[in-house]
Amino acid sequence: MILEFDVIGHCNNLNQHYGAFLALKGVSLELQAGCTGLLGNNGAGKSTLLKTLLGQLPVQKAKVELLGMDPAVEPLKVRQRVGYMPEREVYFPDMTAVEQVAFCGQLSGMSRSDALSRAHESLDAVSLGEARYRAVDGYSTGMRQRVKLAACLVHGPGLLLLDEPTSGLDPEGREMMLGLIRDLAQDRGLSIVLSTHILQDVERTCDWLVVLAEGQVLYSGARKQFQAASGSRLQVKVKTGTRTMADLLRDAGCKVDVRPGDPVLDVELEPGVERDIVWTVAKRAGLQVRRLTSSEGSLDAAYARIMQEHGDGA
Amino acid sequence: MNPDTARIHDQGYRPFKGKLGSVRTRFWPIAVNELRLSFRNKWFKRLLWASFFPLGVFSVLVLLRHVMESMLGPSQVWQNFWRTQLLFAVVAAYFTGRRAVGEDLRSGALTLYFSRAVDFRQYLLGKWLAVALSMGGVLLGPGLLLLVFSAAMDPDLPLSVALSWGAILIALSLLFALSAGWVVLAISSLAGRGRAAGIVWVVVYFASSAAAVALSSALNTPDLVSLGIGDGSMRLANELFSQHADLATCMLSLAGQVAWAILGALVVLLRLARWRRL
């Protein structure tokens with residue numbers, strides 16, 4: 001099922017309590033079609049948000065919509081069209097992977113024969129070979145993650161909610177999982193919400209980003225825009241006068257790293273400052289620029305900045 | 001096709017173009033799956049076969065009814081048949097009920113159930129139905145065959161009597177599946193590990209009878225024996241299959257069976273409280 005929405009879901013002023021603890025505080029956001037990273041530290045409210053979108057938690061005095069439906073009113077219809085991959089290691093006991101995935105298909109409303117053939121297709125898609133005929137109880141973490149993803153795909157959902165899909169995976173397993181997610185989102189047209197605290201996973205797979213901290217949305221929008229807002233980085237090499245150049249750039253409001261014995265300056269431009277500042281400063285001081293390369297602002301830097309701002313604000 | 005020009009087929013993910021069924025019948029795959037898993041156990045299959053052995057013995061008794069009528073009338077045949085089949089039903093519940101809820105709690109499978117289009121009622125109905133079908137299989141299967149055999153061997157048997165025996169069999173099976181089924185689900189939800197739950201179930205079944213007997217002796221009220229899970233069903237069967245059923249005993253036995261069902265259901269609801277809203 002390929003979704004025909006640009007905006008696949010939104011929530012407005014959503015609060016969620018666990019007893020006295022407020023897990024989500026006035027969350028308002030829009031989920032765009034494509035791959036969205038739901039980023040936040042442990043306890044930020046990511047899993048709570050996913051459970052709310054699935055209709056597993058009650059919604060009070062807030063407007064939540066997913067795929068044109070209200071999860072609080074029609075939770076079963078929402079779950080029929082959404083694939084959810086939980087974070088925890090969960091499985092149906094005493095069943096092989098193919099039985100497990102087929103049973104998930106049946107629980108989503110597929111006939112037994114459809115579910116069985118789709119289970120094989122889904123397990124092919126996640127590259128689980130002969131091991132699919134073994135009981136899941138004895139699987140490695142990586143294999144279980146793949147089975148969970150196959151179970152999530154079996155009924156052909158238009159939207160996948162993946163909760164920490166790379167959690168507990170070794171580098172090779174993680175690489176494979178990210179490849180699968182990228183393939184599903186970019187080549188197969190599925191919309192994905194990827195909840196994680198691993199920045200690199202988001203950087204490699206997602207076009208959209210929601211940053212959560214302590215139950216609040218700190219950012220919601222395009223990932224590249226988020227990274228650009230943190231400023232960009234330049235590597236500057238001058239023929240002579242490295243130290244003078246560094247001082248002048250600092251005076252112009254840039255952050256400059258000077259490494260002893262290294263003629264290359266690492267310059268971080270503030271948001272809104274153009275790279276032409278380097279030429280302007282060099283011309284004014286009569287210095288000759290030998291090399292000027294730039295790189296996009298990193299997600300790490302942008303995330304660190306927004307978290308710091310949130311911490312200062314709090 | 002020339003192998004040099006053969007197309008490479010994409011084996012990646014493909015969208016599902018079929019139809020998804022109604023969300024109101026999700027209890028059925030849950031029940032069937034539970035039964036399928038139980039059938040993997042060779043002892044469960046042997047139990048099902050063995051539950052038909054008493055049918056042979058009681059068929060012989062039906063054949064010899066004229067010789068033995070003074071010792072064993074049709075009522076006694078049915079009463080003893082029910083008493084025997086109940087033991088098979090208890091063991092059937094051991095196999096299907098022991099893993100029902102507890103294993104789901106232990107493995108986190110509830111998260112998988114409720115992330116699908118399955119609600120709490122469908123889940124519980126599916127789990128109970130699996131236990132009920134297995135118990136119904138060993139109670140009703142041989143019972144209905146014995147009824148057909150009795151009717152075939154006795155042309156004088158009035159149709160109304162044969163039908164009433166059939167109705168009693170169905171009602172007793174349903175009632176026992178309700179009470180025992182919910183009790184075994186409750187034990188499973190508390191015990192966690194399947195085997196432990198099964199053993200506790202068998203202990204509770206016999207202990208409830210012992211406790212009811214002790215209570216009836218202490219209070220000098222023989223009818224209180226009906227409060228045991230098995231004894232209640234047996235006494236109800238005795239009354240219903242006899243020529244002159246005592247209404248008070250029937251009502252007390254019925255109340256005992258319903259009380260066990262309610263108690264079991266309450267325990268399950270309390271144990272799964274956090275999932276109940278789904």
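The values are calculated or read from the model by the stated rules, or taken from the named source; none is laboratory data. Note that this is a predicted model, so its numbers are computed, not measured. Ideal geometry is used to build each Cβ from the backbone, glycine not excepted, and the neighbour counts take in all protein chains shown. Quick note on the areas: whole protein, heavy atoms, side chains included, nothing else; ligands and nucleic acids left out. Shrake-Rupley method; radii C 1.70, N 1.55, O 1.52, S 1.80 Å.
Using the Cβ-Cβ distance between B:R14 and A:S140 with R0 = 25 Å, the FRET efficiency computed as 1/(1 + (r/R0)^6) comes to roughly 0.40. Placing a pseudo-label 7 Å from each Cα along the Cα-to-Cβ vector at B:R195 and A:D257 gives an inter-label distance of 5.8 nm. Within region A:206-314, which GluC sites (Glu not before Pro) sit in a loop by DSSP and count at most 15 neighbouring Cβ atoms inside 10 Å? Qualifying residues, ordered by number: A:E274, A:E296. Using the Cβ of A:R88 as centre and a radius below 11 Å, the other residues enclosed give a net charge of -2, where K and R count +1 and D and E count -1.
Helix A:299-313 axis versus longest C-alpha principal axis of chain A: approximately 90°, rounded to the nearest ten.
Take the accessible area of B alone and of A alone, subtract that of the pair with a 1.4 Å probe, and the total buried over both chains is about 3700 Å².
Below 15 angstrom from the Cβ of B:A245, what's the summed charge of the other residues (Lys, Arg +1; Asp, Glu -1)? After counting each charged neighbour, the total is -2. Extending 7 Å from the Cα toward the beta-carbon at both B:L63 and A:T293 defines two label points whose distance is 9.6 nm. The label point for B:N41 and the one for B:R106, both projected 7 Å from the Cα toward the Cβ, are 1.2 nm apart. The calculated FRET efficiency for the pair A:K239 and A:R204, based on their C-beta separation and a Förster distance of 35 Å, comes to about 0.40.
For B:D246, the amide hydrogen comes within under 5 Å of no other amide hydrogen, counting only partners 5 or more places away or on other chains and with H modelled in the peptide plane.
Just the number, please: carbon plus sulfur as a percent of the accessible area of chain A, 1.4 Å probe, no ligands or DNA/RNA counted. Exposed carbon and sulfur together represent 48 percent of the surface. For peptide A:82-94, the mean count of partner chain Cβ atoms within 10 Å of a residue's Cβ comes to 5.
For chain B, with all protein chains in place and a probe radius of 1.4 Å, 68% of the accessible heavy-atom surface sits on carbon or sulfur. The length gained by stretching the chain between A:Q60 and A:M307 to full extension, at 0.36 nm per residue less their Cα-Cα distance, is 86.1 nm. Under 5 Å between amide hydrogens, built in the peptide plane, is the criterion, and for A:L218 it picks out A:V211, A:L212, A:A213 among residues at least 5 positions away or on other chains.
Helix A:242-251 and the long axis of chain A differ in direction by around 70°, with both axes built from C-alpha atoms. The C-alpha atoms of chain A define a longest principal axis, and helix A:97-107 lies at about 80 degrees to it. So, counting K/R as plus one and D/E as minus one, what does the shell of residues with Cβ under 12 Å around A:T196 add up to? Summing Lys/Arg as +1 and Asp/Glu as -1 gives -2.
What the phi angles of region A:157-164 give under the Karplus curve with 6.51, -1.76 and 1.60, with θ = phi - 60°, is a coupling list of x, x, 9, 10, 10, 10, 9, 6 Hz, glycine and proline written as x. Counting Cβ atoms of other protein chains within 10 Å of each Cβ in A:122-129 and taking the mean gives 2. Counting only Cβ charges, +1 for Lys and Arg and -1 for Asp and Glu, the dipole size of region A:226-313 around its Cα centre is about 600 debye. Using the beta-carbon distance between B:R24 and B:A171 and R0 = 30 Å, what value does 1/(1 + (r/R0)^6) give for FRET efficiency, to the nearest 0.05? Approximately 0.70, to the nearest 0.05.
Rolling a 1.4 angstrom probe over the protein heavy atoms with all chains in place gives the protein assembly as shown an accessible area of 45 Å² per residue.
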